[in-house]
Amino acid sequence: MTQYDAIEDAFKRLFDVTPAICGFTPGRVNLIGEHVDYNGGRVLPTALDLGVTIALSPREDGRINIGSDSFDDIAKRGMGDAASEHWSDYITGALQLAHSEGFGPNGADMAVITTLPFGAGISSSAAITVGVLRAARDLASAELSDTEIAVLARKVENDYIGMPCGIMDQMAVAIARPGQALSLNTETLNFDLVDLPKTHKMVVIHSGVFRQLNEGRYKIRKEECDAVKAAAGRDDICRMNDDDLNALKHLPDAIFRRARHCVTEHRRTMAATKALSEGRLEDFGALMNESHISMRDDFEMSVEPVDALVADAQAFGATGARLTGGGFGGCIVACVKNEHINAWQDRLLKAHPEAFWVA
Ligand code: GLA
């Protein structure tokens with residue numbers, strides 16, 4: 001049974017009719033370039049095979065009914081509802097925005113099947129938001145590009161959910177495809193697609209530490225970067241040169257280290273993108289390892305169990321390994337040679353029984 005048969009079946013069981021539209025949106029894993037997407041930097045995410053499949057039929061009575069196999073309640077929402085810290089917020093916010101932008105219906109019946117764990121840092125929320133906006137666009141044959149859909153999806157997160165994220169996740173899930181990395185300039189939204197190597201796999205392992213990005217620590221990092229922007233008098237703090245950065249040494253030490261992470265992470269991402277496209281995987285891996293150190297020491301977005309998992313991932317033979325996503329838990333990503341994968345994974349998961357394989 002394909003994912004589309006499964007979602008159609010689920011929708012028919014819930015609502016007794018065939019859905020008007022079905023769609024799949026992948027999750028993403030970021031290979032390198034963390035917390036730079038709201039600071040003018042470059043990122044390098046890739047799409048996963050895992051993702052969110054939705055089926056949707058429009059309504060015009062202001063009601064939203066959502067059934068899902070992965071959440072045990074049927075959510076009944078109204079088009080005017082405010083966010084309520086429920087998983088259905090992303091759908092409600094996306095439908096509200098699509099409607100107010102003039103291309104979405106005034107309500108919907110929906111079924112959702114997701115293979116993406118929530119709170120893992122692999123963009124389940126971006127996938128569902130982009131999926132709903134795209135379904136509304138396609139139903140209305142509205143002339144909106146995938147980039148414009150990603151920008152709207154970020155607006156849902158920023159304005160409706162209250163999560164001050166950057167644009168990486170929405171662009172990644174709207175545009176990237178498995179097997180290719182999206183080299184994205186988050187200032188201009190210009191991008192290139194870079195083929196992933198056939199000799200290595202990008203492995204995603206959950207640390208077992210669950211966290212929600214809207215629980216506050218992401219926002220604090222964003223505010224610290226805002227302080228850097230105010231001191232530097234520019235928004236694209238990732239693109240500062242060494243002199244610009246050194247001129248910020250008078251700032252409190254933690255704020256200076258946030259700035260240094262932004263600058264070095266952006267440079268590492270550019271170097272890693274070049275290394276990847278030239279097939280220099282050892283160099284690519286070394287940059288992943290350096291990125292982890294910067295996230296741990298300068299951006300202080302890691303936690304001890306993640307550091308331990310990354311250290312063993314590297315020690316057990318990964319070409320490179322680092323924390324990925326918003327931080328404070330969630331997943332690591334490792335670049336591992338095909339022939340090492342099985343032994344590497346067995347050893348790593350044995351040493352970290354709370355960790356588990358995601359993709
Ligand atoms: C989360 C946010 C992104 C990005 C990453 C960190 O995934 O949604 O915008 O800031 O964290 O790189």
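Readers should treat all values here as calculations from the given coordinates under stated rules, not as data from a laboratory. Remember, it's a predicted structure, so these values are computed and weren't measured experimentally. In this analysis, Cβ positions are derived from the backbone assuming ideal geometry, glycine residues included, and neighbour counts consider all displayed protein chains.
So what is the orientation-averaged projected area of the stretch 224-305, using the convex hull of its C-alpha atoms, in nm²? Display every interim value, and only then the final one.
Working: hull surface 23.9 nm².
Convex hull of Cα atoms, orientation-averaged projection: 6.0 nm².
Given the alpha-carbon gyration tensor of the stretch 3-195, what are the semi-axes of its equivalent ellipsoid in whole angstrom, ordered largest first, with each equal to the square root of 5 times an eigenvalue? Provide the component values of the computation, followed by the final result.
Numbers: eigenvalues 142, 61, 45 Å².
Computed over the stretch 3-195, the values are 27, 17, 15 Å.
May I ask which residue of M168, V52, F299 lies farthest towards the positive end of the charge dipole of the chain, with charges of +1 (Lys, Arg) and -1 (Asp, Glu) on Cβ and the Cα centre as origin?
It is F299, whose Cα lies furthest towards the positive end.
So if each residue of separation counts as 0.36 nm, and I subtract the Cα-Cα distance between R347 and D195, what length gain in nm does that give?
Working: separation 152, 0.36 × 152 = 54.72 nm, distance 2.86 nm.
Working it through step by step, the gained length comes to 51.9 nm.
Let me know the charge dipole size of the stretch 3-195 about its Cα centre in debye, to the nearest 20, where only the beta-carbon of Lys, Arg (+1) and Asp, Glu (-1) is charged. Mind showing how you got there, number by number?
Working: 13 positive and 27 negative charges, 13 e Å.
Rounded to the nearest 20 debye, it is 60 debye.
Roughly speaking, what is the centre-to-centre gap between the stretch 92-137 and the stretch 299-353 when only Cα atoms are used, to the nearest Å?
Measuring centre to centre over Cα atoms gives 31 Å.
What is the dipole size for the chain, taken about its Cα centre, with +1 at each Lys and Arg Cβ and -1 at each Asp and Glu Cβ, in debye to the nearest 20?
Values: 36 positive and 51 negative charges, 91 e Å.
The dipole magnitude comes to about 440 debye.
So what is the 222 nm mean residue ellipticity for the chain from helices alone, if each DSSP H run of at least 4 adds -39500 (n - 2.57) and you divide by all residues, rounding to the nearest 500 deg cm²/dmol?
Values: 11 runs with 146 residues, N = 359.
About -13000 deg cm²/dmol.
Charges on Cβ only, +1 for Lys and Arg, -1 for Asp and Glu, centred on the Cα centroid of the chain; of H206, L97, W87, which one is farthest towards the dipole's positive end?
After comparing all options, I get H206.
Rounded to the nearest 5, what % of DSSP beta bridges with both residues in the chain are antiparallel?
Values: 41 of 46 bridges.
Among the beta bridges of the chain, antiparallel pairing accounts for roughly 90 percent.
Given K222/K337; K12/K76; K222/K249, which pairs have Cα atoms separated by over 24 Å?
In this structure, K222/K337 exceed 24 Å between Cα atoms.
Between D49 and S145, how high is the FRET efficiency from 1/(1 + (r/R0)^6) when r is the Cβ-Cβ distance and R₀ = 25 Å? Nearest 0.05.
Values: r = 24 Å, r/R0 = 0.97.
Calculated value: 0.55.
Multiplying the sequence separation of Y4 and E282 by 0.36 nm and subtracting their Cα-Cα distance, what value in nm do you get? Don't skip to the answer; put the middle values down first.
On the way: separation 278, 0.36 × 278 = 100.08 nm, distance 3.94 nm.
Value of the extension gain: 96.1 nm.
Which residue, G216, A10, Q180, has the largest displacement toward the positive end of the dipole of the chain when charges sit on each Cβ (Lys, Arg +1; Asp, Glu -1)?
Sorting the options by dipole projection puts first Q180.
Would you mind ranking S277, S124, S100, S68 so that the residue whose beta carbon has the fewest other beta carbons within 10 Å leads the list? It would help to have the intermediate numbers written out before the result.
Numbers: S277 14, S124 26, S100 10, S68 22.
So the residues, fewest neighbours to most, are S100, S277, S68, S124.
Let a ≥ b ≥ c be the square roots of the eigenvalues of the Cα gyration tensor of the stretch 174-234; is it rounded (a/c under 1.5), or, if not, prolate (a/b larger than b/c) or oblate? Don't skip to the answer; put the middle values down first.
Working: a/c = 2.96, a/b = 1.38, b/c = 2.15.
The shape class here is oblate.
Which three numbers, in whole Å and largest first, are the semi-axes of the equivalent ellipsoid of the stretch 154-304 derived from its Cα gyration tensor as √(5λ)? Mind showing how you got there, number by number?
Working: eigenvalues 132, 81, 57 Å².
Ellipsoid semi-axes (Å, largest first): 26, 20, 17.
Run the quick spin-label model on R267 and F356: label points 7 Å from Cα toward the beta carbon, then report their separation in nm to one decimal.
4.1 nm
Within the set of other residues whose C-beta is less than 14 Å from the C-beta of M171, count the net charge using Lys and Arg as +1 and Asp and Glu as -1. Please report the intermediate quantities before stating the final value.
Details: positive: R28, R42, R134, R154, K155, R177; negative: D37, D146, E148, E157, D169, E187, D192.
Combined, the nearby Lys, Arg, Asp and Glu give -1.
Using alpha-carbon positions, what is the distance between the centroids of the stretch 203-261 and the stretch 1-78, in Å?
Spelled out, the Cα-based centre of one part sits 31 Å from the other.
For the chain, how big is Rg over Rh, using alpha carbon atoms and the Kirkwood form of Rh?
Numbers: Rg = 20.4 Å, Rh = 20.8 Å.
Rg/Rh: 0.98.
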